[in-house]
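Let me begin by presenting the structure, written as structure tokens, before commenting on it.
The values are calculated or read from the model by the stated rules, or taken from the named source; none is laboratory data. Since we're looking at a predicted model, the values are computed, not measured. Virtual Cβ from ideal backbone geometry, glycine too; neighbours counted across all protein chains shown.
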There are 2 protein chains.
Amino acid sequence: MDPAVVGRRVRALREEQGISLSTLARLAGVGKATLSGLEHGTRNPTLETLWAVTAQLGVPFTALLAEPSAEPVVHGTAVTATLLEVFTDTDATYELYRMRVAPGVAQLSPAHAPGVTEHVTVFAGVLRAGPADAPLTAPAGGHLRWVSDVPHSYAAVGDEEVAASLLLRYPRR
Amino acid sequence: MDPAVVGRRVRALREEQGISLSTLARLAGVGKATLSGLEHGTRNPTLETLWAVTAQLGVPFTALLAEPSAEPVVHGTAVTATLLEVFTDTDATYELYRMRVAPGVAQLSPAHAPGVTEHVTVFAGVLRAGPADAPLTAPAGGHLRWVSDVPHSYAAVGDEEVAASLLLRYPRR
DNA sequence: CCCGACTGTTCCGTTTACGGAACGGAAGCG
DNA sequence: CGCTTCCGTTCCGTAAACGGAACAGTCGGG
């Protein structure tokens, strides 16, 4: 973790809200020098300082840190997915994603390792996904499941963006 | 944010791994005095210090912070659920939970509003859940769906704790 | 019993993050 | 053009977080 990364994010968040460094420092109860140094990455801020600043920005603290869950981890032509949680168990490892599929284009993903399965629950829109040679279709509220050790595709049916949760199951080898 | 909370969590994580304060301090490259004060909440740790310790513990940093959404929002006799995300759409509102069901006891939930459906994807263990008079069963990797406008139950089959993702769909009235 | 190896806490000198004040620069207004 | 009022950065004395060493307490072995 680079303190400069945190600093850039604080500055970005502050400017997003259209608030000046001086006023943010005053509202958060920290010195302007502290905030300036923090944003430049020239200081090594204290937990108390970070807390005061993030609280004033209305950000849940994790937004400052290079958190995997807020950044898209998969970003293809049609699919954008963000990792919500990883769960490891005696038999398998699970990755839970929040997924969005843009309309109009289809996306093809290469095969995963043998035994890997995918489970999708559709929030909104209509999703057509699964093995590339035999995709399945699910409307909002529906659920799809397939073994993803073959190339598989994702596509939105119609012109509405699809929102869904995607669970990837990696069996323990 | 209370520094004492962070301290307690670090201590808990360290003891979970069966590692001593001295060795963790050495591995993380921080002084024992620093780590001791951090765990007691008598210090106001630096970002650099927190980073070194969490990296050595293999924890994604956010695990230290009492993030509101990381706290269980449902906590019954058998079920503990934490809200991961809320998604509002033109037709319905969705709530995505991470759920754990303790073995040995069953939990009965009252009926939701008409039209509300629940979707469960089981990560680990075997789950028996659904309408109280006709529950369904799913093993790890399985998926359940039912209309939850009647009383419904959750129970772990066997003596293994169940981990699952729960999607609640509230149709727009 | 004594000793060595370990635990976690406390002491202490050095380093540094802190906030207040002073600073140069950029607008807005008479 | 002055004058005011912001902006963000830099200077600086103080408070405190830092790591190393010394400390008491607890095991386990000879």
Checklist line | Leading residue by the ranking (modelled with the lowest pLDDT) among those in the stretch A:70-113 that are part of a loop (DSSP other than H, G, I, E, B) and in contact with a Pro (Cβ under 9 Å, 6 or more places away or on another chain) | finding: A:91
Checklist line | Check on residue B:49, surrounded by 12 or more Cβ atoms within 10 Å (Cβ to Cβ) and either more than 13 Å from chain A (Cβ to nearest Cβ) or near DNA strand C (Cβ under 7 Å from one of its atoms) (or both) | finding: no
Check: Taking the stretch A:8-39 as the region of interest, how many residues are assigned to a helix (DSSP H, G or I), surrounded by 14 or more Cβ atoms within 10 Å (Cβ to Cβ) and either on the phi > 0 side of the Ramachandran plot or not basic (Lys, Arg) (or both)?
Finding: 13
Checklist line | Residue among B:124, B:164, B:156, B:129 that alone is of a type in the set (A, V, I, L, M, F, W, C) and more than 19 Å from residue A:143 (Cβ to Cβ) | finding: B:156
Note to self: Looking at B:154, B:97, B:170, can you tell me which residue is aromatic (Phe, Trp, Tyr) and away from chain A (no Cβ under 14 Å)?
What the structure shows: B:154
Notebook entry, point to check: Of all residues in the stretch B:3-37, which are modelled with pLDDT under 85, more than 21 Å from the chain's Cα centre (by Cα) and under 30 Å from residue A:56 (Cβ atoms)?
Noted result: B:3, B:4
Checklist line | Residues (over 16 Å from residue A:44 (Cβ atoms) and near DNA strand C (Cβ under 8 Å from one of its atoms)) located in the stretch B:27-46 | finding: B:32, B:33, B:35, B:36, B:37, B:39, B:40, B:42
Check: Filter the stretch A:124-155 for residues that are in a loop (DSSP other than H, G, I, E, B) and on the phi > 0 side of the Ramachandran plot; which is surrounded by the most Cβ atoms within 10 Å (Cβ to Cβ)?
Finding: A:125
Check: Of all the residues that make up the stretch B:1-26, how many are free of Cβ contacts under 8 Å to residues at least 40 places away in the same chain and within 11 Å of DNA strand C (Cβ to nearest atom)?
Finding: 12
Next item on the list: List the number of the failed condition for residue B:64; all other conditions in (1) more than 16 Å from DNA strand C (Cβ to nearest atom); (2) modelled with pLDDT of 75 or more hold.
Entry: (2)
